[in-house]
Amino acid sequence: MKQKTYYFLFFLFLLPVILYLAIFFIYPLGLLFYYSLTEFDYKAKVRYFVGLKNFVEIFQDPETYGYIFRTFLYTGIVVFLSFILGLAYAILVYSIKSKLINTLLRIIIVTPMLIMPVAGATIWRFLLSMHYGWINFILEFFGIQRENWLLSPYAFYWVMITDIWGWSPYIFLIMYAALQQLPQSILDASEIDGATSTKKYMYVIFPILKPVMIIALTLKTLDTYRAFDYIWVMTGGGPGHSSTTLNIITYITAMQYLNFEKSSAYGVLTMLFPLFLTLSFLVYTRVRKFE
Amino acid sequence: MNKYFKNFSIFIFSILVSVWSWFPLIWFLMVSITGPGGIPTKISLPSYITFDPYIHVIFGGYSGGYFLKSVIPSILDSLIIAVMCSFLTIIISVLPAYAFSRFNFMLSKTIYNGLLIVRMIPFVTLVAPYFVMFNNLKLIDTYHGLIFAITTLQIPPAIWIMRGFFDSIPKEIEEQAMIDGAPLIKRLFLILIPLIMPGISVAASLTFIFSYIHYILYSILSRGAVNPISIRIVTFIQEGIVMWNEMAATTILSMIPMFLFLLFLGKYFIKGITMGAVKG
Amino acid sequence: MSEEKKKINRREYIKYVGAGVAGLAVGGALGYLTAPGKIEKITETTTKTVAAATVTQTVTKTFEKTVTVATSPVKTYVGISLRVPHMAGWLSQAPGIALAPEFEKETGIKIIYDMIAPADVASKQWLEVSNRTGNYDIVTVGVDRVHPKFLPYCIGLNKYIEEHWGSIKEFENKVFLEPQRSAFYEGEYRGIPIHLNAPFGVYRKQLFEDPENQKKFESTYGYELRPPRTIQELEDIATFFTKPPMYGLTGNLGGAPIPAGFVTFLDRFMSAGFDVLDKDFRPTFKYNDKAYEVGVEIARWFQDGIYKKKFINPDAATFRAGTMADFYISGMAAMAIGWCGDFFGIRFQEKEVVNKIGESGDFIIPSFRPESESGGFASWWMHGILDTCKYPDAAWEYIKWVASEKYQLACAAVQVPPFKDLAEKANKMTNPNNPKIPLLPNAFYQAALKARVWFYIRDAKTNVPELCYEPWDEGLKLWGSLMANQITPEEFITKWSEVAEATLEKAGYYKK
């Protein structure tokens, strides 16, 4: 194909998306940047430009670094464990031959994702309480003392567990669909070659699945980075600040302080931070290449 | 011996997975069939059983002095939004996914990765800009307004997932069709897309679920005429009374359409596989 | 060959685009057709005055009793709709809102409510108001934290007040004045109260009236078992009844994001006779030794109540009002203090509840410094008319109606009517669900009579709205840490003072 047709076709295909996102994303994004550089005086009813004042305030607040750290901690742990669990689910269901049990198990596994996060978080809140708490009941059986978990220093980790519970079906759906797409011929070939189950998985299936795995991981990381519902309903930022992430403080600044401008600044920070990290990583690898 | 061990461990893991996934839901189920003060505190059935929460929530009724409207219209609202959103997302995302998969040069890579940004924005920061924009476009409190808003956030993952599936189709199939003389569009629609069906149903399922359970943007962009069920559930948590029983009943009711939708899409899974098997 | 191929491709593509556009058009049409109807256009307005009368009306839909109430003259309008935001699921206002069709019949004004989830009530209204969209005609805001921001956008109501109540003085005599002062801005009142709430205590009568318990209690503590009148008595009784899993006392002591716990603290602090700021706007915790002492004492009492002396159930540290009520209904607590007003009149009198835990009585929460005879915290909500409203007269009709006897008595089972004469009347009527108690419980009425708003500083005779933002939220967070046993009461008090002082300094309150 000629070069020109090549590019032309590519952009034609992209046209609907670009148009759509231009209207519904680029423009609001621009408004977001604009707001983050302003302040609103409610008495005088004017919005005026203040430059980087919001950002300076954010960085001068010592809590901000805690927020950033906790956001990354949350993302790291949750993505890692969700991925392993989701993959395990997919392999488990894939290994089941009976169609009935297969469908049943798929429904059971996907259920936690179908519960509204508000409802799910409320359930876990109850389960972790002293009075209603089944979890305390079970832990007592194992010899761990009863405690009001959402008030303890471990509150943040319990929220992570809830998030993993709620969103590992996401990974499961993607990986299971990918497993189903595996060409039967390759599987048969490997079996003829005498591979055992584990070897089959390690050397044949996983390499083929790698692109899908990367996609699933990336999507899950981005989603978890923005995780809000479970944390907010379960601890509201935790005792003190111990479970406040960037998203939580963005929400609080907007919805409770009614300071949409500073909240936009937090939003810009939330978006720019990973970009900044990725760029520095890219620059670093490029520099290393030249060495 | 190995086979029995394998079957046994599969059995055990299935049980563990089922318990892990479902025990919170069972708890909520029990909350939904009891009344105030009846919520179980030990691992047991609630102290008294009544189906009042379901009756109040489906048909409307008084609970603790407050009149509840039926939640069925809200579930329908959420369904309309979620279905239209899946539909719209898939339509908009299929071609770009193909484009990214087949045309893999520098600019395309940049745009592809640039879609990341859409997925990185916290919903809350979109609230004020969307509000202003939608208000000016008179899209507030309409079905299409909410659909457009939520579709924006679902497009990047749909593109990414479908691109991944396009990627895993060997180039030989497409080349074979090209040699057979099929033009691009025919190739795309008659061959590749049916092969992608599992990917499309995954993308559609995920989009459906996300738009069904979403809350923040809906609450800002609706003003009483459109009532998604996710907002309805949140309104059960009030400053004063919290209606746990009714909230549990509503949650369980709201999950039924999702189950049905996923089962329906599940059929496509199977269809896609058999088609793939025939082709490949 | 390639030219032809290009043409075919392009043609195919145009076909596709056409199909896609058609598909989107179909989808969009579907969406549009299923869209809700628009608000009716305003055609003409005429007004007519209907004379005052005395009518018999049903108090609420849940009560089947009829009561004679007075109505005031109304003007009628044609073709006007008012858009009123309100909090969804608000039990206290639900009986009144259910009467809206009667209002529409009387005046011809259509009321379109937007029921907003409690968490978004303030932010959604703020988005509309600060962007001057004109989508709402009336605002519904509560005093705890946000309404100062709305005051500049509401029109002054003095001329309406004078028209309806005769004079500003008359109005101030009728309304609970201390909370009402928080609606004063630039020379005029900008809001009319619709809801007043104050914390009080409830107890399970069957436990207190049981002769066994009375004997045991008297022999242990030396005085008879009755609703507590001092903090020491409250502690004694709570300790007496605590046999886990049952506890003597529960309360809505939750920390961030729930306002309940911090409010309980403020309520006790204010009822000990103090404001949080002195006349120089400095935090009394820091600059007044007595205030510091009391603050630490109160914080310590609650924290020890959960962790050291254990007469408050541990979950109370996460309770909001609703979960506290559920715990109380399940029979696991002998007493509860906090926002009991939402439940006492209806839910606690329900047959199932009475069968389970017996009847409930009310008591005034003892003060930590009874000699001060000061009031505690009041939660107070108002309606204001936005300056973007095209028909302020019609909006005023609605507000008059909300402030009227009809509406307020309908709600009186679960809130305090914010007008003294109406509150007194409700206290004299009996509760339809339980003729033995008044419609407005005594403790609730007494607490409300003295209660006040925390950011109206009496010594400085002014509102300090800045307290409602950062200091409020830090207070919620610090209280949460206190309830999680992570900070000491001294740290709680000191840290909060620092935040309050820093915020007020930034706002320019301290002239050097």
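The values are calculated or read from the model by the stated rules, or taken from the named source; none is laboratory data. Just so we're clear, the structure is a prediction, and the values are computed from it rather than from any experiment. Cβ placement follows ideal geometry from the backbone for every residue including glycine, while neighbour counts extend to all protein chains displayed.
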key: Failed item in (1) away from chain B (no Cβ under 11 Å); (2) outside any loop (DSSP other than H, G, I, E, B), with C:Pro366 passing the rest   = (2)
message = If I filter region C:139-156 down to residues being more than 10 Å from chain A (Cβ to nearest Cβ) and crowded, with 23+ Cβ neighbours inside 10 Å, which single residue comes out as nearest to A:Ala44 (Cα to Cα)?
response = C:Cys154
key: B:Tyr212, sole failed condition from (1) modelled with pLDDT under 85; (2) more than 30 Å from A:Ser185 (Cα to Cα)   = (1)
query = Are there any helices (runs of 4 or more DSSP H) wholly within region C:282-333 with 1 or more residues that are among the aromatic types (Phe, Trp, Tyr) and under 25 Å from the mean Cα position of the chain (by Cα), and if so which?
reply = C:289-307, C:321-329
remark   = The correct count of residues that are of a type outside the set (Gly, Ala, Ser) and free of Cβ contacts under 8 Å to residues at least 40 places away in the same chain in region B:149-164 is 1
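Here is a yes/no grid of residues against (1) more than 8 Å from chain B (Cβ to nearest Cβ); (2) on the phi > 0 side of the Ramachandran plot; (3) surrounded by fewer than 23 Cβ atoms within 10 Å (Cβ to Cβ); (4) in contact with a Gly (Cβ under 6 Å, 6 or more places away or on another chain):
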position: A:Leu173; (1), (2), (3), (4): no, no, no, no
position: A:Pro183; (1), (2), (3), (4): no, no, yes, yes
position: A:Tyr203; (1), (2), (3), (4): yes, no, yes, no
position: A:Leu217; (1), (2), (3), (4): yes, no, yes, no
position: A:Gly237; (1), (2), (3), (4): yes, yes, no, no
position: A:Tyr266; (1), (2), (3), (4): no, no, no, no
remark   = Of the residues in region C:196-238, those that are polar (S, T, N, Q) and either touching a strand residue (DSSP E or B) at 6+ places or on another chain (Cβ under 6 Å) or without any contact (Cβ under 8 Å) to a residue 60 or more places away in the chain (or both) come to C:Asn197, C:Asn213, C:Gln214, C:Ser219, C:Thr220, C:Gln232
ask   = Within region C:230-255, which residues are assigned to a loop (DSSP other than H, G, I, E, B) and under 26 Å from the mean Cα position of the chain (by Cα)?
value = C:Asn252, C:Leu253, C:Gly254, C:Gly255
inquiry  = Is it the case, given these coordinates, that B:Ile58 is in contact (Cβ under 8 Å) with a residue 12 or more places away in the chain, farther than 17 Å from A:Phe13 by Cα and away from chain C (no Cβ under 14 Å)?
reply    = yes
task = Pull up region B:160-175, narrow it to residues that are at the interface with chain A (Cβ under 7 Å from one of its Cβ atoms) and more than 15 Å from A:Ile208 (Cβ to Cβ), then point me to the one that is surrounded by the fewest Cβ atoms within 10 Å (Cβ to Cβ).
result = B:Trp160
query = Just a yes or no: is a residue in region B:25-36 more than 30 Å from B:Glu172 (Cβ to Cβ), within 7 Å of another protein chain (Cβ to nearest Cβ) and at pLDDT below 85?
reply = yes
query = Within region C:465-507, restricting attention to residues that are modelled with pLDDT under 90 and assigned to a loop (DSSP other than H, G, I, E, B), which residue is nearest to the other protein chains (Cβ to nearest Cβ)?
reply = C:Tyr469
request  = Exactly one condition in (1) farther than 25 Å from B:Met84 by Cβ; (2) at the interface with another protein chain (Cβ under 7 Å from one of its Cβ atoms); (3) over 26 Å from the mean Cα position of the chain (by Cα) is not met by B:Asp180; state its number.
outcome  = (2)
note = Restricting region C:130-152 to residues that are under 27 Å from C:Val263 (Cα atoms) and assigned to a helix (DSSP H, G or I), the one farthest from the chain's Cα centre (by Cα) turns out to be C:Pro152
task = Report the residue count in region C:306-360 for those that are in contact (Cβ under 8 Å) with a residue 40 or more places away in the chain, at negative phi and among the basic types (Lys, Arg).
result = 2
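One line per residue, one yes/no per condition, for (1) closer than 27 Å to B:Gly224 by Cα; (2) touching a helix residue (DSSP H, G or I) at 6+ places or on another chain (Cβ under 7 Å); (3) part of a helix (DSSP H, G or I); (4) touching a residue at least 40 places away in the same chain (Cβ under 8 Å):
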| site | (1), (2), (3), (4) |
| --- | --- |
| B:Ser70 | yes, yes, no, no |
| B:Ala82 | yes, yes, yes, yes |
| B:Ile92 | no, yes, yes, yes |
| B:Ile117 | no, yes, yes, no |
| B:Val124 | yes, yes, yes, yes |
| B:Val132 | yes, yes, yes, no |
| B:Ile140 | yes, yes, no, yes |
ask   = Just for helices (runs of 4 or more DSSP H) wholly inside region A:92-166: which have at least 1 residues that are more than 8 Å from every other protein chain (Cβ to nearest Cβ) and acidic (Asp, Glu)?
value = A:134-141
ask   = Somewhere in region B:96-105, is a residue outside any loop (DSSP other than H, G, I, E, B), surrounded by 14 or more Cβ atoms within 10 Å (Cβ to Cβ), of a type in the set (Lys, Arg) and within 11 Å of another protein chain (Cβ to nearest Cβ)?
value = yes
